[in-house]
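Colleague: So that we are looking at the same thing, I have put the structure below in structure tokens.
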Amino acid sequence: MREPGGIRFGICTDQNQPWPTLVQRWRLYEELDFDSVWDCDHLIQPSRPESAYFEAWTLLAGLAAVTERIRVGVLVSSNTFRHPSLLAKQAVTVDHISMGRLELGIGAGWYEPEHTAFGLDFPPLGERVARFEEAVEVLDLLLRQEVTSFQGSHYRLEGAPTRPLPIQRPRPPLTIGAKKPRMLTIAARWADCWNASGGVEEIAERNRFLDEKCAELGREPRSLRRSLYYWVPRSADDPWDSPDAFADVIGRYREAGIEEFLIDQPRDEQLGVLERVAVDLIPALRREAAAS
């Protein structure tokens, strides 16, 4: 794991490719020295609902076992899919499989069609956020201590054991996906890293809000890493069009306060640009960030 305060680059892969292809790609991203690689927590791919799609956490466990150095995670786990105590068990398991390389991402859940298709509850937004806030607290407790009891409005635990504890202590880093004020406030309180997608001005405004919330909570704002999910199909510019396009996207979002870039993987015909970016551009960006 690189030192805090630098700039980080990760790849987000949809799990719509065959297993051998996913293994080859994740190993390629590791070989090219990306900091992290992630899959997505959906039961149906939002941008391609008819495509084949693997489940995120079982896939992550397999991919963690066939990589060695790169950090791994789910961007981000939907709280509507699993009880937080189950997610905690999954997180501990993958942290051990990966030998301490897990980044734990979680969000409130948003894509209603997959809930309808699979018969999962999809409460109104206010309830989803309330459940999420409790779930984050439950996760934090379960991953820090061997035995946890908790009495909330939505979750109750009585002497729940976490054995073994995760390799990473005090717990694996927690990434919270958040866009609106209440979710951003939860991130300011609990997260090690905040992640969101959006335009440059949206991201800058959310960053300012997080700075204010951290100050209100007595937290150093710089202790909360700021992470962008660059969702290529919903963005105006494709960073994999060329190294110049990549540098332009990174530059604009760095000015908005972003320190970590998690970008959709390139199409097959763009892999040459990926390699040029990884070999020539990213090392220079890291050196520049370290010197600033």
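Colleague: Within the range 263-277, does at least one residue satisfy the condition of being within 21 Å of residue 197 (Cβ to Cβ) and free of Cβ contacts under 8 Å to residues at least 12 places away in the same chain?
Modeller: No.
Colleague: Here's a follow-up. Just checking, which of 109, 119, 100, 126 is among the small types (Gly, Ala, Ser), at pLDDT 95 or above and under 18 Å from residue 192 (Cβ atoms)?
Modeller: Working: 109 fails: under 18 Å from residue 192 (Cβ atoms); 119 fails: under 18 Å from residue 192 (Cβ atoms); 126 fails: under 18 Å from residue 192 (Cβ atoms).
None of the others qualify; the one that does is 100.
Colleague: Look at residue 285 and say whether it is crowded, with 17+ Cβ neighbours inside 10 Å, under 20 Å from the mean Cα position of the chain (by Cα), within 20 Å of residue 33 (Cβ to Cβ) and modelled with pLDDT of 95 or more. Break it down stepwise before answering.
Modeller: Working: crowded, with 17+ Cβ neighbours inside 10 Å: yes; under 20 Å from the mean Cα position of the chain (by Cα): no; within 20 Å of residue 33 (Cβ to Cβ): yes; modelled with pLDDT of 95 or more: yes.
No; evaluated as a whole, the condition is false for this residue.
Colleague: Still on this structure, please answer the following. Filter the range 260-281 for residues that are crowded, with 17+ Cβ neighbours inside 10 Å and outside any helix (DSSP H, G or I) and give the result.
Modeller: Result: 260, 261, 262, 263, 264, 265, 266.
Colleague: From 19, 26, 57, 38, which residue is farther than 18 Å from residue 176 by Cα and surrounded by 18 or more Cβ atoms within 10 Å (Cβ to Cβ)?
Modeller: Working: 19 fails: surrounded by 18 or more Cβ atoms within 10 Å (Cβ to Cβ); 57 fails: farther than 18 Å from residue 176 by Cα; 38 fails: farther than 18 Å from residue 176 by Cα.
Being farther than 18 Å from residue 176 by Cα and surrounded by 18 or more Cβ atoms within 10 Å (Cβ to Cβ) holds for just one of 19, 26, 57, 38, which is 26.
Colleague: Within the range 135-154, how many residues turn out to be within 19 Å of the chain's Cα centre (by Cα) and among the charged types (D, E, K, R)?
Modeller: Summing the residues that are within 19 Å of the chain's Cα centre (by Cα) and among the charged types (D, E, K, R) in the range 135-154 gives 2.
Colleague: Let me ask something else about it. Out of 135, 188, I need the residue that is more than 19 Å from residue 91 (Cβ to Cβ) and at pLDDT 95 or above. Which one? Before you say what the answer is, go through the steps one by one.
Modeller: Working: 135 fails: more than 19 Å from residue 91 (Cβ to Cβ).
Result of the check over 135, 188: 188.
Colleague: Assess whether residue 6 counts as being in a loop (DSSP other than H, G, I, E, B) and closer than 21 Å to residue 168 by Cβ. Before you say what the answer is, go through the steps one by one.
Modeller: Values: in a loop (DSSP other than H, G, I, E, B): yes; closer than 21 Å to residue 168 by Cβ: yes.
Yes.
Colleague: Name the single residue, out of those in the range 33-63 being of a type in the set (Asp, Glu) and part of a loop (DSSP other than H, G, I, E, B), that is nearest to residue 117 (Cα to Cα). If you could, list the steps in order and put the result at the bottom.
Modeller: Initially, the range 33-63 is screened for residues of a type in the set (Asp, Glu), giving 33, 35, 39, 41, 50, 55.
Going one step further and asking which of them are part of a loop (DSSP other than H, G, I, E, B), we end up with 33, 35, 41, 50, 55.
Values: 33: 38, 35: 35, 41: 15, 50: 12, 55: 15 Å.
Taking the candidates together, the pick is 50.
Colleague: Taking residue 186 as meeting all but one of (1) under 21 Å from residue 125 (Cα atoms); (2) without any contact (Cβ under 8 Å) to a residue 24 or more places away in the chain, write down the number of the exception.
Modeller: Here residue 186 meets the rest and fails (2).
Colleague: Assess whether residue 192 counts as being of a type outside the set (A, V, I, L, M, F, W, C) and either free of Cβ contacts under 8 Å to residues at least 40 places away in the same chain or on the phi > 0 side of the Ramachandran plot (or both). Lay out the reasoning, then the answer.
Modeller: Values: of a type outside the set (A, V, I, L, M, F, W, C): yes; either free of Cβ contacts under 8 Å to residues at least 40 places away in the same chain or on the phi > 0 side of the Ramachandran plot (or both): yes.
The answer is yes for residue 192.
Colleague: Given (1) in a loop (DSSP other than H, G, I, E, B); (2) surrounded by 15 or more Cβ atoms within 10 Å (Cβ to Cβ), identify the lone condition not met by residue 195.
Modeller: Here residue 195 meets the rest and fails (1).
The values are calculated or read from the model by the stated rules, or taken from the named source; none is laboratory data. Just so it is clear, the structure is predicted and the values come from calculations on it, not from any experiment. Don't worry about glycine lacking a Cβ; one is built from the backbone with ideal geometry, like all the others, and counts go over all protein chains shown.
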